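The values are calculated or read from the model by the stated rules, or taken from the named source; none is laboratory data. All values reported here derive from a predicted model rather than from experimental measurement. Because the Cβ atoms are built from the backbone with ideal geometry, glycine has one as well, and the counts that use them run over all protein chains shown.
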Amino acid sequence: MEFEEVFSSKPRMKILKFIYRLGTLNVSNIARRINLNYATTNQHLKLLENEKILQERVYGRIRMYRFVEASAKAIAVQNLIDVWEKTSLNKNKKENKK
């Protein structure tokens, strides 16, 4: 899948940000946080899993997702979110001082 296709979805970007901030999350928790139904959330998660960005862990009936630790794509996504959020925080601090 092309880069643009993976990152062109706002729900997928929200999923990645929540997992980055909170660590491992289950499908229902993610669906609630991004205001999507379970099936649609699951489709996004499966796509991110197929791209080796996220990995699924199953504990009985509960499916948990987190970043793949050894994946170059997962590391790049985490670095992007980290830099983006730090830059946004610094920008907001500067604007609030004015």
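Considered as a group, the residues in segment 70-84 that are without any contact (Cβ under 8 Å) to a residue 24 or more places away in the chain and not small (Gly, Ala, Ser) include one that is surrounded by the most Cβ atoms within 10 Å (Cβ to Cβ), and that residue is Lys73. Candidates are the residues of segment 15-58 that are in a strand (DSSP E or B) and in contact (Cβ under 8 Å) with a residue 24 or more places away in the chain; the one that is nearest to Ile75 (Cα to Cα) is Leu54. Pick from segment 1-14 the residues that are assigned to a helix (DSSP H, G or I) and out of contact with any Lys or Arg (no Cβ under 9 Å at 6 or more places or on another chain): which of them is modelled with the lowest pLDDT? My answer is Phe3. Can you tell me which residue in segment 59-69 is surrounded by the most Cβ atoms within 10 Å (Cβ to Cβ), limited to those that are of a type outside the set (Ser, Thr, Tyr) and in contact (Cβ under 8 Å) with a residue 12 or more places away in the chain? So, considering only residues that are of a type outside the set (Ser, Thr, Tyr) and in contact (Cβ under 8 Å) with a residue 12 or more places away in the chain, the one surrounded by the most Cβ atoms within 10 Å (Cβ to Cβ) is Phe67.
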